Amino acid sequence: MITREDSLFCLGRSVMARFSLLLLFAAVLGSLLFVYGCGRKGDPKPPEAFAPSAVGFYTARGQVDSVILSWQAPKITASGDVLENLEFFSIKRAIHDSQKMRRFKDIGEVGVAGLASSGERQAGSASPAASQAAITYSFADRDIVPGSVYDYRVVPVNSRGVEGQSAATLRVTFLGESSIVERLE
């Protein structure tokens, strides 16, 4: 005959077995989530690693009333990964003065789709032109004075606002269509 104590003992063993099985399942599930939870392996990267690399085919030329900057978008990030979140290009200019240090100021932005966004000034205009497999972007700086010397940089910016590497500085002595362009490294 099974006594009440035997029945409670069996019930207790059954509850303990279920609890142990549940605990084992939770431990296995927790371990799997810990190992594969975020889907990424390796150390986290700082935001600068996702910054765009410098623009390519960066040139400048003088027109009658403006300086035209042209470039192609970078394809990789600073860490060498494929660039997927390029947002716009920041156009920076410094007026060259041999007596003072150069201070670059933002003079405009060019969106990835080629639409100009307003910067401190709206002195430039932007437009993309199809160039085989890549898009060539351009910016026209019209807020210039003949005989002055300007230094330009084009800096790509990702969707998180992280600025990428600056291309080489281009120094333009503005003389209209006869402007002198130097590449500074």
Of residues in the range 79-98 being assigned to a loop (DSSP other than H, G, I, E, B) and under 9 Å from the mean Cα position of the chain (by Cα), the one surrounded by the most Cβ atoms within 10 Å (Cβ to Cβ): 83
Cβ-Cβ under 9 Å pairs, at least 6 apart or on other chains, the range 61-73 side within 17 Å of residue 110 (Cα to Cα), far side of a type in the set (Asp, Glu) and in a strand (DSSP E or B): 66/141; 67/141; 68/141; 69/141
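Residue by residue, here is whether (1) at pLDDT below 95; (2) in contact with a Lys or Arg (Cβ under 6 Å, 6 or more places away or on another chain); (3) of a type outside the set (Asp, Glu) holds:
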| residue | (1), (2), (3) |
| --- | --- |
| 73 | yes, no, yes |
| 91 | no, no, yes |
| 107 | no, yes, yes |
| 111 | yes, no, yes |
Residues satisfying the stated conditions in the range 59-72, i.e. touching a Phe, Trp or Tyr at 6+ places or on another chain (Cβ under 9 Å) and surrounded by fewer than 19 Cβ atoms within 10 Å (Cβ to Cβ): 59, 68, 70, 72
Qualifying residue in the range 66-78 (condition: assigned to a loop (DSSP other than H, G, I, E, B), within 12 Å of residue 156 (Cα to Cα) and of a type in the set (A, V, I, L, M, F, W, C)): yes
Matching entry among 135, 68 (being of a type in the set (A, V, I, L, M) and either at pLDDT below 90 or closer than 16 Å to residue 163 by Cβ (or both)): 135
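The values are calculated or read from the model by the stated rules, or taken from the named source; none is laboratory data. Keep in mind that this is a model prediction, so the values were computed, not measured. Backbone-built Cβ (ideal geometry, glycine too); neighbour counts: all protein chains shown.
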